[in-house]
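*Asks:* Got a structure for you, written out below as structure tokens; questions coming shortly.
Computed from the coordinates by the stated procedures, all read-outs in this text should not be read as laboratory data. Keep in mind the model is a prediction, meaning the values are calculated, not measured. Note that each Cβ is placed from the backbone with ideal geometry, even for glycine, and that neighbours are counted across all protein chains shown.
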Amino acid sequence: MAQQLAEHCVLDSMTDTQVRLLLLPEGSNLQTSLSEQSLKQALEKHLAHPIHLTIQVLVFTEETPSQRRIRMLQERQQLAEQVIEQDEFVRALREQFGAVIIPGSVRPHP
């Protein structure tokens, strides 16, 4: 849960003693006392000293890690579909045999 909470936040500010994160309203259901405490502990372990963690629910325009991951997956999917559509062999199959590409069947190469 702490990782999911972090993925829906962006860093607003950070000092030696404080980390302030912004959370989109649609991710507010991830903000529980347990997830906040787990995230705080993970940050303290990473930074190697105690911090005060503040998470503010706020509408903002920056892309969260979660939004970035989704956007990148969508872009990869679109590129894979374009590559298949432009492939000469696939074009030949379509022209000669009336082949069709089943929507949703194309997957990007890992």
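*Asks:* Restricting attention to segment 5-36, and to residues there that are touching a residue at least 40 places away in the same chain (Cβ under 8 Å) and not in a strand (DSSP E or B), which single residue is nearest to GLN56 (Cα to Cα)?
*Replies:* Checked segment 5-36; the qualifying residue nearest to GLN56 (Cα to Cα) is LEU24.
*Asks:* Restricting attention to segment 59-110, and to residues there that are loosely packed, with under 10 Cβ neighbours inside 10 Å and of a type in the set (Phe, Trp, Tyr), which single residue is farthest from LEU22 (Cα to Cα)? First the steps, then the outcome.
*Replies:* Just the residues of segment 59-110 that are loosely packed, with under 10 Cβ neighbours inside 10 Å, to begin with: 59, 61, 86, 88-89, 95-98, 100, 102-105, 109-110.
With of a type in the set (Phe, Trp, Tyr) added as a condition, the list becomes 89, 97.
Numbers: PHE89: 49, PHE97: 54 Å.
Per the criteria, the residue is PHE97.
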